[in-house]
Amino acid sequence: MGEQDGGEGRGRILVTGGTGLVGRAIEKVVADGEGQPDEEWIFVSSRDADLTSSSETKALFERHKPTHVIHLAAMVGGLFKNIRSNLDFWRTNIHINDNVLHSAHELGVQKVVSCLSTCIFPDKTTYPIDETMIHNGPPHSSNFGYSYAKRMIDIQNRGYSEQHGRRFTAVIPTNVFGPHDNFNIEDGHVLPGLIHKVYLAKQSGSALTVWGTGKPRRQFIYSLDLARLFLWVLREYDEVEPIILSVGEEDEVSIREAAEAIAEAMEFRGELVFDTTKSDGQFKKTASNAKLRRYLPGFQFTPFRKAVKETCAWFNANYANARK
């Protein structure tokens, strides 16, 4: 990198999907003192470039000349949107990922950290899932397009490493939540959707209807915790193989427990009703964070109820914009 003074000067870090849930969290953590003096952070969104276009992606990289990239941009949606549009999720994400990784390679980016998802894991598997099991069988059929597109980042990273010696890697967070989430009830994820539903139930004095039985279990990670871990991966983690970023198995909560935590945080006094005609999705996707713990035995996660409280407070304060 011509202008780098040798060594690991971190230079310019480009964050794609920079205005989403995780991008905003990284921006906040960097602003709150986790950034380093030799780093310049650039957060871009779909308004800055259409990453499904190879020419726009290349132009974006040539404009900013990043030395490092955190790749968060993706076409995402909740369970019901995925079921309807598997081909769209596959094609859009394949284009985005190929354009970002190849532009990074062509411009000599030192390191790329991409964001995968736990839905990439095989549907039929033993638990807990770990990093070695990603390709051991097909993902859940409900969102196979998105899941396979995300899996292919791992394949491509391996290719860039073996053929070109590139340090491209990926992280696999469990269910992320926090400020700036997509709180859309129809196509958002479970936790922000529940927060919005509790808000509306409270306004109208009605019961809270939760889709499904409430029995499925999930590991939720607070976006600000994930952001701190992203910075560690960017600076310290040197494997090509992905790393699961998650709370421990013992911190898994049921959808019912999550709904109760939100109701408590929002001071909702009505009753909880479970609509069992709605699909539950996968019962559990328990992931092992043993690899992360080997690297960072002392990392402190924000307790679930505290993180839920902070997220609900943010939603209440930003309701006009948050509900989009």
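At 222 nm, what helix-only mean residue ellipticity would the chain give, in deg cm²/dmol to the nearest 500, using -39500 (n - 2.57) for each DSSP H run of four or more?
Per the formula, -12500 deg cm²/dmol.
For Lys197, give me every one of the aspartates and glutamates with a C-alpha distance below 20 angstrom, ignoring sequence neighbours fewer than eight places off in its own chain.
Asp181, Glu186, Asp187, Glu257, Glu260, Glu264, Glu267, Glu271, Asp275, Asp280, Glu310
Just reorder Asp48, Asp275, Asp238 by solvent-accessible area, largest first, 1.4 Å probe, all chains present.
Listed by decreasing accessible area, they come as Asp238, Asp48, Asp275.
Can you work out ³J(HN,Hα) from phi for every residue in the stretch 108-119, in order, using Karplus 6.51 cos²θ - 1.76 cosθ + 1.60 and θ = phi - 60°, giving whole Hz and x for Gly and Pro?
My calculation for the stretch 108-119 gives x, 4, 6, 8, 10, 10, 9, 10, 9, 8, 5, 5 Hz in order.
Taking the Cα-to-Cβ direction at Asn316 and at Ala207 and moving 7 Å from each Cα, how far apart do the two end points lie in nm?
2.5
Of Leu231, Leu72, Leu200, which has the most accessible area with a 1.4 Å probe, and how do the rest follow in descending order?
Most to least solvent-accessible, the answer reads Leu200, Leu72, Leu231.
Rounded to two decimals, what is Rg over Rh for the chain when you use alpha-carbon atoms and the Kirkwood radius?
0.96
Could you state the accessible area per residue of the stretch 83-195 in Å², with a 1.4 Å probe and every protein chain left in place?
40
How tilted is helix 255-265 with respect to the longest principal axis of the chain? Cα atoms for both, answer in degrees (0 to 90, nearest 10).
Helix 255-265 sits at roughly 80 degrees to that axis.
Along the Cα→Cβ direction, 7 angstrom out, place labels at Gln300 and Glu249. What is the inter-label distance in nm?
2.7
Hey, any idea what Rg/Rh is for the stretch 273-324, computing Rh the Kirkwood way over Cα pairs?
My calculation of the ratio gives 1.13.
If you take the Cα atoms of the stretch 11-97, find Rg, then find the Kirkwood Rh from the mean of 1/r over all pairs, what is Rg/Rh?
Rg/Rh: 1.03.
Expressed as a whole percentage, what fraction of the accessible surface of the chain belongs to carbon and sulfur atoms when a 1.4 Å probe is rolled over the protein heavy atoms?
49
Can you spot the lysines whose alpha carbon is less than 28 Å from Lys111's alpha carbon? Ignore those fewer than 8 places along the same chain.
Lys28, Lys58, Lys65, Lys150, Lys291
Give the angle, between 0 and 90 degrees and rounded to the nearest 10, that separates the Cα long axis of helix 54-64 from the longest principal axis of the Cα atoms of the chain.
70
Read phi for every residue in the stretch 138-151 and hand back ³J(HN,Hα) as whole Hz from Karplus 6.51 cos²θ - 1.76 cosθ + 1.60, θ = phi - 60°, with x for Gly and Pro.
So the Karplus estimates, Gly and Pro as x, are x, x, 4, 5, 5, 9, 5, x, 4, 4, 5, 4, 5, 4 Hz.
Extent of the stretch 232-303 along each principal axis, from alpha carbon coordinates, in Å, largest to smallest?
Here the Cα extents, ordered largest to smallest, are 48, 27, 20 Å.
At 0.36 nm per residue, and after removing the present C-alpha to C-alpha distance, how many nm does the segment from Val240 to Ser161 gain when stretched out fully?
Full-extension gain reported as 27.7 nm.
When ligands, DNA and RNA are left out and all protein chains stay put, how many square angstrom of accessible area per residue does the stretch 218-324 have with a 1.4 Å probe?
Value for the stretch 218-324: 47 Å² per residue.
Give the angle, between 0 and 90 degrees and rounded to the nearest 10, that separates the Cα long axis of helix 304-317 from the longest principal axis of the Cα atoms of the chain.
90
The values are calculated or read from the model by the stated rules, or taken from the named source; none is laboratory data. All values reported here derive from a predicted model rather than from experimental measurement. No Cβ is skipped: glycine too gets one built from the backbone with ideal geometry, and neighbour counts run over all protein chains shown. We work out accessible area using only protein heavy atoms, side chains counted, and drop any ligands, DNA or RNA first. Shrake-Rupley method; radii C 1.70, N 1.55, O 1.52, S 1.80 Å.
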